[in-house]
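A short worksheet on the structure shown next.
Every read-out reported here was derived from the displayed coordinates using simple, explicitly stated rules and does not represent laboratory data. Worth saying up front: this structure is predicted, and the values here are computed from it rather than measured. Backbone-built Cβ (ideal geometry, glycine too); neighbour counts: all protein chains shown.
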Amino acid sequence: MSSFLKLFEFGQSCWMDNLTRGMIHNGDLKRRVEVEGLRGVTSNPSIFDKAITGSSDYNPQIKVLCAENKTPAEVCEALMVTDIRDACDVLRPVYDKSDKLDGYVSLEVSPHLAHDTEKSLVAARRLWREVDRPNLMIKIPGTKEGISAIETLLYEGINVNVTLLFSVDRYEEIAYAYLRALERRVKEGKSIKEVASVASFFVSRIDVLIDEHLNCKNTPEAKALQGKMAIANAKLAYKAFKEIINSDRWKAVEAKGAQFQRVLWASTSTKNPSYSDVIYVDPLIGPHTVNTMPENTMAAFADHGVAANTVEQGMNEAEQTAADIAKLGINFKDVTDQLEREGVQKFIDAYEEILTSLKKCGV
């Protein structure tokens, strides 16, 4: 049995945080699905930047689109839609066999829209129509402005992957937006069985920034906390998830067929080489979770990762870690606010890199 199928025994689905046209066409994606137990795919502007600018696989379609006088932004979107649609077709058997639990492929709206509710809605609806696959998830950043767009899209029956989540407080706002969308559909007599969503917590980036603050403190107490806050924060997010799904409000929609809005662990590659290469996988395994891993993390887990029910282990220690960080004068809200801003900007930069490369190709 593959390591990723073992994960599923403990309630966690393995999705891959990467997508290229090459892996679709050469059968690698299908092999991962059928042999290794891959259950989903996520993408983002950074992933598409590397795929499009690092391969000639897209040149034939780019040539056609250029002949149609498409703008660089239109060409970029068309390339993404093609890959996402084809990946959805590869993952469709998983979607069908799992009764809509897995088999999703995520496509993000333009990162320029992270703080624009109305334009996010317009873009998300267009991408939903263009891909035209039930196992698509539209990625919307979990910014303040994104909350309303997320609720509206879910109410309309559009699957949403809420991305760029860093704080438990913001996660709870997103979770209740999902719940409100389902309640609205139930009130109007609409089915909620096919509405799906995940809440994507970015994990490793928290340690990167927190560790910088701890290094500045230069005390034994600060040193002892390095590499611990990201896992602690994720475990506290899972605790909040459990509290929500045990509430009477959730039980009411669950009785009508609602799916859990699973917590998804994103940004799970190890940024600090002194940390284990599975540090953001092994401790976060448990029911109703997803871990979307880049290929190097998948390879590391397949080689020496340990599948076990771990996400609720050490919850007291997680709470103590958060308290100790605060005692050192580190404002965690400031940290998560900064990470959200930086996350949006990183995706904008990657998106602009694609457009620049397309312009150089004569688009």
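Mind checking which residues of region 1-41 are in a loop (DSSP other than H, G, I, E, B), under 16 Å from PRO287 (Cβ atoms) and of a type in the set (A, V, I, L, M, F, W, C)? Steps first, please.
The initial filter retains those residues of region 1-41 that are in a loop (DSSP other than H, G, I, E, B), namely 1-2, 10-11, 17-20, 26-27, 37-39.
Now narrow it down to the ones that are under 16 Å from PRO287 (Cβ atoms): 10-11, 39.
Once the filter is applied, which keeps residues that are in a loop (DSSP other than H, G, I, E, B), under 16 Å from PRO287 (Cβ atoms) and of a type in the set (A, V, I, L, M, F, W, C), region 1-41 yields only PHE10.
State whether one or more residues within region 111-133 are in contact with a Phe, Trp or Tyr (Cβ under 7 Å, 6 or more places away or on another chain) and either of a type in the set (Gly, Ala, Ser) or over 16 Å from ASN44 (Cα atoms) (or both). For region 111-133, residues in contact with a Phe, Trp or Tyr (Cβ under 7 Å, 6 or more places away or on another chain) and either of a type in the set (Gly, Ala, Ser) or over 16 Å from ASN44 (Cα atoms) (or both): absent.
Which residues, taken from region 314-328, are of a type outside the set (D, E, K, R) and touching a residue at least 60 places away in the same chain (Cβ under 8 Å)? Even if it seems obvious, please write down each step before you answer.
Taking region 314-328 as the starting set, the residues that turn out to be of a type outside the set (D, E, K, R) are 314-316, 318, 320-323, 325-326, 328.
Across region 314-328, the qualifying residues are GLY314, MET315, ALA318, THR321, ALA322, ILE325, LEU328.
Scanning region 182-214 for residues that are surrounded by fewer than 24 Cβ atoms within 10 Å (Cβ to Cβ) and small (Gly, Ala, Ser) returns GLY189, SER191, SER204. Identification of strands (runs of 3 or more DSSP E) wholly contained in region 87-166 with 1 or more residues that are under 30 Å from ASP28 (Cα atoms) and without any contact (Cβ under 8 Å) to a residue 60 or more places away in the chain yields 136-141, 160-165. For region 58-73, which residues satisfy the criterion of being closer than 23 Å to HIS25 by Cα and either over 30 Å from the mean Cα position of the chain (by Cα) or not hydroxyl-bearing (Ser, Thr, Tyr) (or both)? Across region 58-73, the qualifying residues are ASN59, PRO60, GLN61, ILE62, LYS63, VAL64, LEU65, CYS66.
Let me confirm something: among LYS239, LYS271, LYS251, which residue is among the basic types (Lys, Arg), surrounded by fewer than 22 Cβ atoms within 10 Å (Cβ to Cβ) and under 18 Å from ASP17 (Cβ atoms)? Explain how you work it out, then say what you get.
Numbers: LYS239 fails: under 18 Å from ASP17 (Cβ atoms); LYS251 fails: under 18 Å from ASP17 (Cβ atoms).
None of the others qualify; the one that does is LYS271.
Can you pull out every residue in region 28-45 that is surrounded by fewer than 18 Cβ atoms within 10 Å (Cβ to Cβ) and under 17 Å from SER106 (Cα atoms)?
Keep residues of region 28-45 that are surrounded by fewer than 18 Cβ atoms within 10 Å (Cβ to Cβ), which gives 28, 30-31, 34-36.
Within region 28-45, LYS30 is the sole residue that qualifies.
Among residues of region 1-17 that are in contact (Cβ under 8 Å) with a residue 60 or more places away in the chain, those with a beta-carbon under 8 Å from a residue that is of a type in the set (D, E, K, R) and part of a strand (DSSP E or B) at least six positions away or on a different chain give the pairs SER13/ARG262. For region 224-320, the helices (runs of 4 or more DSSP H) that sit wholly inside it and include 2 or more residues that are farther than 25 Å from SER46 by Cα and in contact with a strand residue (DSSP E or B) (Cβ under 6 Å, 6 or more places away or on another chain) are 229-245. A Cβ distance below 7 Å, combined with a sequence gap of six or more or placement on separate chains, defines the contacts here; from region 234-247, residues that are closer than 13 Å to PRO283 by Cα reach residues that are in a helix (DSSP H, G or I) and among the aliphatic types (A, V, I, L, M) in the pairs ALA234/LEU284; LYS235/MET315; LYS235/ALA318; LEU236/VAL168; LEU236/ALA318; LEU236/ALA322.
Look at region 321-363 and say how many of its residues are among the aliphatic types (A, V, I, L, M), assigned to a helix (DSSP H, G or I) and surrounded by 14 or more Cβ atoms within 10 Å (Cβ to Cβ). First the steps, then the outcome.
Step one: of region 321-363, the residues among the aliphatic types (A, V, I, L, M) are 322-323, 325-326, 328, 330, 335, 339, 344, 348, 350, 354-355, 358, 363.
Narrowing the set further to residues that are assigned to a helix (DSSP H, G or I) leaves 322-323, 325-326, 335, 339, 344, 348, 350, 354-355, 358.
Cutting the leftovers down to surrounded by 14 or more Cβ atoms within 10 Å (Cβ to Cβ) gives us 322, 325, 335, 339, 344, 348, 350, 354-355, 358.
Of the residues in that region, 10 qualify.
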